[in-house]
Amino acid sequence: MSGLLSPRTPTPTPVPARTGPRLPARIAFRLARPPVSGVIRPRLVVVAVCLALVGFLVFCLGISVGEVPIGITEVMRSLAGSGDPGTDLIVHELRLPRAMTGLLVGIAFGVSGALFQTMTLNPLASPDMIGITQGAGAAVVAGIVLGWDAGLSTQSLGLLGALATALLVYVLAWKRGTTGYRIVLVGIGVSWICTSLTDYLMAHGGQFEAQASLGWLVGNLNGRDWNAVGPLATALAVLVPVALLLGRWMRTLQLGDDVAKGLGTPVQAVRLATLLTGVGLIAFGTAAAGPVAFVALAAPQVAQRLAGTAWPPPVAAGLTGALMVLSADLLAREVIPGTELPVGVVTGVLGAPVLLWLLVRANRVGSGG
């Protein structure tokens, strides 16, 4: 015991020799006109650029695959506007909407997961773990089974369901303010309520409605057209900049509510704004392709480890999510010849080990309860 309490001379450890130049951890800058200052993290920039390049290659590869194979160079030429008419018809009208939907859905899920995990300080607090995705799914299934979708689009139903679920979680977690821990616990309970409601609706609906609901619930990019791309692209154009603007305040929340208040952060307002932004992203993404499993959970954690940051970086998380969805969709079409699996089946198979790893890691560090 005395050895544990008394100071002792640390044993020197050998320092490994540098094998090459290393990137600086951060580069601070300050501009006089306009008066802007900030910090650039070279490793994060390099990771984001690499993810964007690999994602673009997978994007083009996904477009090239189909009943009529097209070379990647022809796909790039067509995307640049210099392809032949036959290739342009296949690329722009038949395959590009599906690829764009997968790209935008991945970005939406990745950024939303980064927001929720940063806000709650919990790597397990993704929208599909705290009930937001299940709430959107329950609303869409209710619209299909009960006939509400005749007046409201899938996007509208998904958005309303996600917002209602988020409001319910926020209200139930409120006790002189909210904390990430209470949001996670309440969200898990609400998610099971929404799942039970969805199962009830499918069990009491007709065969056609049940099949339509099941095809949407697993997460699917089959048959997507430009009508699915437009609302999602508009939502991302509005919500992603908001998420980036909230980044500085969200990082102060990692220091604890008391410290964040001392630094001038409106804690509850930032938490509510983050919740609404994440809900909007996950709602429009879910409405476009269904609840693609585990992307919002795994993408921020993968991006955080690639970038070496203390929190999930939203931009890198969005690019990682896009790469995951595009790669899963490519595997879904190619793993079984002649069969197009729903993309959610592939992400579920690949994401389940990530969830188990996060649970084991949280238990080892003492944050798993």
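Computed with a 1.4 Å probe over protein heavy atoms only, the accessible area of residue 191 comes to about 10 Å².
With the cut-off at 1.5 for a/c, could you classify segment 215-369 from its C-alpha gyration tensor as rounded, prolate or oblate? Oblate, since a/c reaches 1.5 and b/c is not below a/b. Here the calculated FRET efficiency for residue 179 and residue 251, from their Cβ-Cβ distance with R0 = 22 Å, stands at 0.80, rounded to the nearest 0.05.
Given R0 = 35 Å, the distance between the Cβ atoms of residue 94 and residue 207 translates into a calculated FRET efficiency of 0.75. Semi-axes of the equivalent ellipsoid of segment 94-155 are 25, 20, 7 Å, computed as sqrt(5λ) over the eigenvalues of the C-alpha gyration tensor in descending order.
When peptides 244-251, 101-108 are ranked by their average number of other Cβ atoms within 10 Å per residue, the highest-first order is 101-108, 244-251. Counting 0.36 nm for each residue step from residue 57 to residue 310 and taking away their Cα separation leaves a gain of 88.2 nm. Calculated accessible area for segment 148-227 comes out at 59 Å² per residue, all protein chains present (probe 1.4 Å; ligands, DNA, RNA ignored). Averaged over its residues, segment 316-361 has an accessible area of 46 Å² per residue, based on protein heavy atoms and a 1.4 Å probe. Of the solvent-accessible surface of segment 231-301, computed with a 1.4 Å probe over protein heavy atoms with every protein chain present, carbon and sulfur atoms account for 71 percent.
Measuring spread by the Cα atoms of segment 67-203 yields a radius of gyration and Dmax of 20.0, 63 Å.
Of the three principal axes defined by the Cα atoms of segment 283-323, the extents in descending order read 32, 16, 15 Å. For residue 130, the accessible surface of its heavy atoms amounts to roughly 0 Å² (probe 1.4 Å, protein chains only, rounded to the nearest 10). A simple spin-label model places the labels of residue 340 and residue 354 2.4 nm from each other, with each point 7 Å out along Cα-to-Cβ.
Rounded to a whole number, what % of the accessible area of segment 77-225 do carbon and sulfur atoms account for, probe 1.4 Å? On segment 77-225, the fraction of accessible area on carbon and sulfur atoms equals 66 percent. Per residue, the average separation of C-alpha pairs within less than 8 Å and at least 6 apart gives segment 198-316 a relative contact order of 30 percent.
Fraction of C-alpha pairs exceeding 18 angstrom in segment 175-249: 68 percent, rounded to a whole number.
The values are calculated or read from the model by the stated rules, or taken from the named source; none is laboratory data. What you are looking at is a predicted structure, and each value in this text was computed from that prediction instead of being measured. In this analysis, Cβ positions are derived from the backbone assuming ideal geometry, glycine residues included, and neighbour counts consider all displayed protein chains. All accessible areas refer to the heavy atoms of the entire protein, side chains included, with ligands and DNA or RNA removed. Shrake-Rupley method; radii C 1.70, N 1.55, O 1.52, S 1.80 Å.
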